[in-house]
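Notes follow the structure.
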Amino acid sequence: MIATSKVVRTKLVELQRIASFEKNMVCEGRDQGTTVFPDAFCKFFLTARPEMRAQRRFIELKEKEITTTLQEILDAIITRDLRDETREISPLAPAHDAMIIDTSDMHMNKVIEVMHQEIQRRGMQ
């Protein structure tokens, strides 16, 4: 697995830090707030119940006319989460100073609103 390769992850972290040097950026990824940018001004950890994530993905794939089952997607999500949470290098975990947002029952616009309010609260726009 590429995601568990120390050489690959180390190089990617280096490249991401170079790309962000002296810039304000929005970054997304499972280790952005803990490994890549531990000193970031504002960190969010978005989560949702696996069943909700599977349902969202199922709809997305159906719109692309990709055939699968909801159970196959759910199983894949659970397997990926377990693998990412238990890997040695950059395991999936919220940063100690991240705002954790459970998006299970939230519309995307509400998630953005909550994040925007937190950024404003911290004094950056």
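Looking at the structure I just gave you, is Ile66 out of contact with any His (no Cβ under 8 Å at 6 or more places or on another chain), part of a loop (DSSP other than H, G, I, E, B) and either more than 21 Å from Ser20 (Cβ to Cβ) or among the charged types (D, E, K, R) (or both)?
Answer is yes for this residue.
Which is modelled with pLDDT under 95 and among the acidic types (Asp, Glu), of Glu22, Glu51, Glu72, Glu60?
Glu22
On the basis of being in contact (Cβ under 8 Å) with a residue 12 or more places away in the chain, more than 26 Å from Ile119 (Cβ to Cβ) and either aliphatic (A, V, I, L, M) or touching a Lys or Arg at 6+ places or on another chain (Cβ under 8 Å) (or both), does Ile78 make the cut?
Details: in contact (Cβ under 8 Å) with a residue 12 or more places away in the chain: yes; more than 26 Å from Ile119 (Cβ to Cβ): yes; either aliphatic (A, V, I, L, M) or touching a Lys or Arg at 6+ places or on another chain (Cβ under 8 Å) (or both): yes.
So Ile78 passes the test.
Quick one: in the range 67-125, of everything that is of a type in the set (Lys, Arg) and loosely packed, with under 13 Cβ neighbours inside 10 Å, which residue is nearest to the chain's Cα centre (by Cα)?
Lys110
Is it the case that some residue within the range 30-50 is part of a helix (DSSP H, G or I), of a type in the set (A, V, I, L, M, F, W, C) and closer than 30 Å to Ser5 by Cβ?
yes
Pairs under 7 Å by beta carbon, first residue in contact (Cβ under 8 Å) with a residue 12 or more places away in the chain in the range 101-122, partner among the small types (Gly, Ala, Ser), six or more apart or different chains?
If the second residue must be among the small types (Gly, Ala, Ser), the pairs left are Asp102/Ala48; Thr103/Ala48; Ser104/Ala48.
Give the residues of the range 69-94 that are among the basic types (Lys, Arg) and either outside any loop (DSSP other than H, G, I, E, B) or farther than 18 Å from Val8 by Cβ (or both), sorted by residue number.
Across the range 69-94, the qualifying residues are Arg80, Arg83.
Looking only at the range 95-120, count every residue that is part of a strand (DSSP E or B) and not aliphatic (A, V, I, L, M) and tell me the total.
The first filter runs over the range 95-120 and keeps only residues part of a strand (DSSP E or B), leaving 99-102.
Adding the requirement that they be not aliphatic (A, V, I, L, M) leaves 102.
Residues that pass the stated criteria total 1.
The values are calculated or read from the model by the stated rules, or taken from the named source; none is laboratory data. Remember, it's a predicted structure, so these values are computed and weren't measured experimentally. In this analysis, Cβ positions are derived from the backbone assuming ideal geometry, glycine residues included, and neighbour counts consider all displayed protein chains.
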